[in-house]
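The structure appears right after this line, and notes come after that.
Every number in this text was worked out from the coordinates using simple rules, so none of it is lab data. Remember, predicted model here, so these are calculated numbers, not experimental data. FYI the Cβ positions are ideal-geometry reconstructions off the backbone, even for glycines, and counts take in every protein chain you see.
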There are 4 protein chains.
Amino acid sequence: MPDALVDRINQTPGWTKEMGIVILTASPEEVTCVWEVGERHHQPYGIVHGGVHSGVIETLASIGAALVALPRAQRVVGLENHTSFIRAVRSGTLRAAARPVTRGRTSQMWEGWIRNDKGELVAQGHVRLLCIDEGTTLG
Amino acid sequence: MPDALVDRINQTPGWTKEMGIVILTASPEEVTCVWEVGERHHQPYGIVHGGVHSGVIETLASIGAALVALPRAQRVVGLENHTSFIRAVRSGTLRAAARPVTRGRTSQMWEGWIRNDKGELVAQGHVRLLCIDEGTTLG
Amino acid sequence: MPDALVDRINQTPGWTKEMGIVILTASPEEVTCVWEVGERHHQPYGIVHGGVHSGVIETLASIGAALVALPRAQRVVGLENHTSFIRAVRSGTLRAAARPVTRGRTSQMWEGWIRNDKGELVAQGHVRLLCIDEGTTLG
Amino acid sequence: MPDALVDRINQTPGWTKEMGIVILTASPEEVTCVWEVGERHHQPYGIVHGGVHSGVIETLASIGAALVALPRAQRVVGLENHTSFIRAVRSGTLRAAARPVTRGRTSQMWEGWIRNDKGELVAQGHVRLLCIDEGTTLG
């Protein structure tokens, strides 16, 4: 994906920008990002809130699935996000990547991994998305 | 739960406060909250980001499970968050509630629902949490 | 749903019959069943195998969703099954029920509960299904 | 894992044997199996029942996690099974493998994949398990 598009995604206001999550690369095969853990990501005990992990995986899966859908004149809608928490994190740099498990015409599934500075797995998740033909109204 | 404790939760810095999510009530039987949808909750197409829904359910489940764990000299650790997206939301007030499905000594599961102004279900999720006896180190 | 249809479901060969699971009622609002725990349901330690619980919830959700889809000239395809295990069971009669969480035109979600003789929750699960218009080929 | 142990698992009566699922290899790093699709695996439309896929992944994850737990004087209890269905199967030979995502002292997560004759992914799932020290009574 051309850097111009990644730049545009990173400048779009919303949850991902609010959280300081920076998309590094985006293609129909893989989407990656990085962010610096800060107070805005914490739950009350000072570790990264599970919802931030779920949200990062949702962000990557949605971008990837949209890149698959676009040339098919489709858009995607997230149905289910299932994220497993493996290791607590208090601070440092986190990196994440998502890759497709299936890219069917009616549904896609993307899998994502979040890793800490040492490359250890922090969280892993799956997002199932519905593919909708443009012009179709959702019931 | 005394209002003083709810107040303290609402003043604690972190993801939940950052997102403008306000806890209304919190007990070992139910935790509820409310928030006003804004740009900080959006994905690029202007609808509430799935990660926000996952995160709200994680917040409520974690508070509830902690209230169950506390008098048992336990703390809780989130293991899995599974959130299903039912209805897209662009703006307005969202309300959520979580209630326990099981409150065992080794694990708890809490279920949460997010509803829009009209009371329609927007998202539903489940969080499985591990209960750890205080003094135990996690492997 | 007329008893004749429930009878026909119960006589159809396949996994559900193999497991001795008997459908009691089936409508677009609720599907229920009962079964007697035996050796065929056990994992090696003599408790009911988690896959049996997942499968029972899949059975009920699929029947219910199909009953919703039929009058719309749609069929349904299961996308995701997420089942949580609450209480180990060795023997006795188990009963289960599933009810819809959403019955949209593009996807449905059904929720199911399995309970023991005492009415205690044994397992709870969710199935997300895709609705396909008849005549459409899956990509 | 010595063949003698795999043989013993395959001879143990219960759901896995009932379904004709044959364990091929079992170690703390990977567990694999194979089975021939037949009527006993079908849902009413003649495709493999989702519960069979969930159950196969549960079987493999449980064996693997138990092999990890044993030398630690622990046993494991399945908490959550989340299985995603990718491709419908009517007949043929299916093969599955599961590998650990995390093997912590308090919980494990195993991931499994089911593939058809052509090596195409049919289903993928995750099982989260609790590790219990022997001698501990579950609450």
Filter result (in contact with a Phe, Trp or Tyr (Cβ under 7 Å, 6 or more places away or on another chain) and under 26 Å from A:Ile9 (Cα atoms)) within region B:22-71: B:Arg40, B:His41, B:His42, B:Gln43, B:His49, B:Gly50, B:Gly51, B:Val52, B:His53, B:Gly55
Enumeration of residues in region C:45-62 that are touching a helix residue (DSSP H, G or I) at 6+ places or on another chain (Cβ under 7 Å) and either without any contact (Cβ under 8 Å) to a residue 24 or more places away in the chain or over 26 Å from D:Ile21 (Cα atoms) (or both): C:His49, C:Gly51
Filtered residue count, region D:102-125, keeping only those that are touching an Asp or Glu at 6+ places or on another chain (Cβ under 9 Å) and closer than 13 Å to D:Ser62 by Cβ: 3
Whichever residue in region B:115-139 is in a strand (DSSP E or B) and of a type outside the set (A, V, I, L, M, F, W, C) and, among such residues, is farthest from the other protein chains (Cβ to nearest Cβ): B:Arg115
